[in-house]
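Report on the structure given below.
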Amino acid sequence: MLETARLSPGTNPTYLVPLPPNFLESLHQIRSDEIVIPAGVQFVAEGSQGKHVYLMRSGLGLRANLLQDGRRQVVSFLFPGDIVGLQALLIGQYHHSAEARSDVVASVIDHKHLRALWKDRFEAVVLSLQAMAYEEVRLTKAMIAIGQYSAEEAVASLLFTLYSRGQTHGMLRDNSMAFPFRQTDLADALGLSLVHTNKTIAKLRRAGHVELVDGRLTLHDPDSLARAYMLEVA
């Protein structure tokens, strides 16, 4: 069963709200296979020929690009309801890798079955485009964080966004959520060194905003954090 949102679209910025559950369920039902991907396992290889789309049904992951010298850019963080590999359906190749950070359950959908759904249901085409539009908005905001924010603003914004996405999926318990992402993932998403990222998180912790301990992210007062760093809220 897909982990679905527990909040209405009006409670969060639109691009944080998952696609309609009925559309995601229809994707799962078009002759797809369901697989379990253990934490740490890559399930999409950058540069490979894409033949499948992956619908995240539970668990967390990330997409990344690897440079020739070994440096890595984390492109986005994956939550239930995210669709991985739509670009490959259109251009024939995966231009990023995808990796599970926690154990992930995903529906594996052959491109020909998704094309058949698009042919039969125009709504499916619109919602697939909507998925790509949401991802473009998140990528735009990531570019702004890398290019214009201070390290403190960038780390605060990223943690707030990931927390907000967790909130839409009912992952919070007492302002805390399971957080399998590593500090290296955060650093590689923001173009910061690991040392700088660690020091910045420590500064946010001393300010009483954030705790990132034992695989859990806690925001003690999300509204206060949003006000302090002028973060987008509904």
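The values are calculated or read from the model by the stated rules, or taken from the named source; none is laboratory data. Treat the numbers as computed from the prediction; the structure is a model and nothing was measured. Backbone-built Cβ (ideal geometry, glycine too); neighbour counts: all protein chains shown. We work out accessible area using only protein heavy atoms, side chains counted, and drop any ligands, DNA or RNA first. Shrake-Rupley method; radii C 1.70, N 1.55, O 1.52, S 1.80 Å.
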Going residue by residue through the stretch 100-110, is there one that turns out to be touching a helix residue (DSSP H, G or I) at 6+ places or on another chain (Cβ under 9 Å) and open to solvent by 70 Å² or more (accessible area, probe 1.4 Å)?
no
Here the residues within the stretch 99-147 that are closer than 23 Å to V41 by Cβ and outside any helix (DSSP H, G or I) are E99, A100, R101, S102, D103, V104, V105, A106, S107, V108, I109, D110
Determine which single condition Y134 fails, assuming it passes every other condition in (1) within 24 Å of A39 (Cα to Cα); (2) surrounded by 17 or more Cβ atoms within 10 Å (Cβ to Cβ); (3) not hydrophobic (A, V, I, L, M, F, W, C).
(1)
Whichever residue in the stretch 60-69 is open to solvent by less than 50 Å² (accessible area, probe 1.4 Å) and either farther than 24 Å from D214 by Cα or small (G, A, S) (or both) and, among such residues, is nearest to the chain's Cα centre (by Cα):
G61
Please enumerate the residues belonging to the stretch 140-161 that are surrounded by fewer than 21 Cβ atoms within 10 Å (Cβ to Cβ) and touching a Phe, Trp or Tyr at 6+ places or on another chain (Cβ under 7 Å).
E153
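Is it the case, given these coordinates, that Q87 is at pLDDT below 85, open to solvent by 40 Å² or more (accessible area, probe 1.4 Å), over 19 Å from E34 (Cβ atoms) and in contact with a strand residue (DSSP E or B) (Cβ under 9 Å, 6 or more places away or on another chain)?
Details: at pLDDT below 85: yes; open to solvent by 40 Å² or more (accessible area, probe 1.4 Å): yes; over 19 Å from E34 (Cβ atoms): yes; in contact with a strand residue (DSSP E or B) (Cβ under 9 Å, 6 or more places away or on another chain): yes.
Considered against the rule, which asks whether it is at pLDDT below 85, open to solvent by 40 Å² or more (accessible area, probe 1.4 Å), over 19 Å from E34 (Cβ atoms) and in contact with a strand residue (DSSP E or B) (Cβ under 9 Å, 6 or more places away or on another chain), Q87 comes out as yes.
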Can you find even one residue in the stretch 152-164 that is part of a helix (DSSP H, G or I) and more than 19 Å from R227 (Cβ to Cβ)?
no
Based on this model, can you work out whether Y94 counts as closer than 25 Å to K141 by Cα and at pLDDT below 80?
no
Within the bounds of the stretch 57-79, is there any residue that is under 30 Å from L219 (Cβ atoms) and of a type in the set (F, W, Y)?
yes
Restricting the first residue to the stretch 64-90 and requiring it to be in contact (Cβ under 8 Å) with a residue 24 or more places away in the chain and assigned to a helix (DSSP H, G or I), which pairs with a second residue that is hydrophobic (A, V, I, L, M, F, W, C) and open to solvent by 10 Å² or more (accessible area, probe 1.4 Å) meet a Cβ separation below 7 Å and a spacing of at least six or different chains?
L86/A131; L86/M132
